[in-house]
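Here's the structure we're looking at; comments come further down.
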Amino acid sequence: MPQQIDSNQALVARHPIFDSQQRVIAYELSYQRDTALDGILARDPDTSSGSEVILSTYTSISDQGEIKRVPAFLPVSAQTVETMPDLPVKQVVLVLSLPAKPDRAFAQLLLDLAKKGYRLTLAIHEYRPELDPFIKLVKIVKLDIQNIPTEKLAAQASSLSKLKVTALAANIKTIEQLELCSSAGFKLFEGTFLSRPKIVKGKQVGANQVALMQLIQELQKANVKPERLEEMIIRDPVLTYKLLRIVNSAAYSLVRKVESVAEAVVLLGIDQVRKWATLISMTSNQDKPEELSRTLLIRGRMCELIAEGEKRSNPGSYFMAGMMSGLHVMLDVDRETMLEQVPLGEDIKAAISAYEGDIGNTLEQALAYESGEWEKLPADFNITLFESAYRSSLNWAKEAMQAMHE
């Protein structure tokens, strides 16, 4: 029997909006129903202070070592606006879609929202001069680039620039499309392009990268000895430095300074040291946008929390599958090549390649949740567990990236 969604539970997922440097400047939130707008103003029970509202959880990130809050783009309909709660105008940008027949009433709605202090984004199919009166009432215009021929992109962006609005290219699916939109004059970018590698023909995973993945595989072995773990970590001075920095951070509140990997294993336990060493290794690629590491941390942690909540054995393997599901993007190779060249457990490989087994099933559902594709989730999925796991993972990833930053 399908599970009814409690009116107090807001199923929300976030999607990054980037500037031309591929840095996150905002997140667009997708949610299953309009009542989620009330839910995102509720207190977040999973934060340490208990005073943060859920909206803050979706918009707070660690960006190059600095905790910051970015705006939330909230899609709303004209009908929703009439009954929506007062939202914090400095933290949100309202996204409205252009009606099939825009009229004076719609223009008045935009004007009224602007007078209340809301920043507005207008989503349109393509620019036409007759839309100027509506475009002049907003700050950003969002275009789905899949609806626009490539040769028309520059003209569309130029027309919007002349109206003093920011052009946002949405639904970008590849790095090549991202580069086209940037060259055409768009200023903001949104889409799934980070989930796909930029394939370089004939490129192989380098020896150093294979060695790194061998280290990660060794770290995940259930029977790894503390002495072996220490031996592997201290071979890499940067890994050792970052690990000790994390261990001595406020997160652990230890009474004395830890000065060696061996000490860290004794005080924190092998599982904690193993996890942090894996995280540091996976997020060490400086050539990729920080958001890619952030996404994989969130996905891995969400898979792990779901496994723990469902009392599955070895939740660490679920974490590993979530993290490794995007490793091919980190390495700019296709997934099949990555799975052939990188040593991973067979259960993790099966989960990543075909969503097989319990790990694969959990990974597939976590991916559906993070993309806001609620219809792909089974009717009887544990809503409370998934919703809490996702929000907890957002907070955890922020804290983890803060701790790992040099």
| Are any of the residues in the stretch 145-163 assigned to a strand (DSSP E or B) and at pLDDT 95 or above? | no
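I'm trying to understand the selection: among the residues of the stretch 347-385, which are part of a loop (DSSP other than H, G, I, E, B), touching a residue at least 12 places away in the same chain (Cβ under 8 Å) and not acidic (D, E)?
Residues satisfying the conditions are S371, G372, L377, P378, A379, F381, N382.
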| Under the condition of being small (G, A, S) and buried (at least 16 other Cβ atoms within 10 Å of the Cβ), which residue from the stretch 156-173 is nearest to R119 (Cα to Cα)? | A167
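When the stretch 117-143 is examined, which residues are found to be in a loop (DSSP other than H, G, I, E, B) and either closer than 18 Å to P75 by Cβ or of a type in the set (D, E) (or both)?
Y118, H125, E126, L137, V138, K139 - these are the residues of the stretch 117-143 that are in a loop (DSSP other than H, G, I, E, B) and either closer than 18 Å to P75 by Cβ or of a type in the set (D, E) (or both).
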| task | Among the residues of the stretch 329-346, write down those that are modelled with pLDDT under 85 and assigned to a helix (DSSP H, G or I). | result | M330, L331, T337, M338, E340, Q341
| request: Scan the helices (runs of 4 or more DSSP H) fully inside the stretch 190-268 and keep the ones with 3 or more residues being more than 29 Å from the chain's Cα centre (by Cα), modelled with pLDDT of 75 or more and not basic (K, R). | output: 226-233, 261-268
| query | Are there any pairs, at least 6 apart or on different chains, whose C-beta atoms fall under 8 Å, with the first in the stretch 152-171 and assigned by TED's automatic domain parsing to the domain that holds F189 and within 13 Å of K136 (Cβ to Cβ) and the second aromatic (F, W, Y) and modelled with pLDDT of 95 or more, and if so, which? | reply | S159/Y127; L160/Y127
| task | Identify all residues within the stretch 141-151 that are touching a residue at least 24 places away in the same chain (Cβ under 8 Å) and closer than 18 Å to E176 by Cβ; write none if there are none. | result | L143, D144, I145, Q146, T150
| Can you pull out the residues in the stretch 100-128 that are more than 24 Å from F189 (Cα to Cα), without any contact (Cβ under 8 Å) to a residue 12 or more places away in the chain and of a type outside the set (S, T, N, Q)? | A100, K101, D103, R104, A105, D112, K115
| remark: Note on Q79: of the conditions (1) buried (at least 16 other Cβ atoms within 10 Å of the Cβ); (2) not in a loop (DSSP other than H, G, I, E, B), unmet is (1)
| note | When N171 is run through (1) assigned to a helix (DSSP H, G or I); (2) under 27 Å from the mean Cα position of the chain (by Cα), the failure sits at (1)
| remark: Given (1) surrounded by fewer than 19 Cβ atoms within 10 Å (Cβ to Cβ); (2) of a type outside the set (D, E, K, R); (3) outside any helix (DSSP H, G or I), A105 misses just (3)
| task | Taking only the stretch 383-406 into account, find how many residues are at pLDDT 90 or above and loosely packed, with under 15 Cβ neighbours inside 10 Å. | result | 2
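The values are calculated or read from the model by the stated rules, or taken from the named source; none is laboratory data. Quick caveat: nothing in here was measured; it's all calculated off a predicted structure. Neighbour counts run over all protein chains shown; Cβ positions are idealised from the backbone, glycine included.
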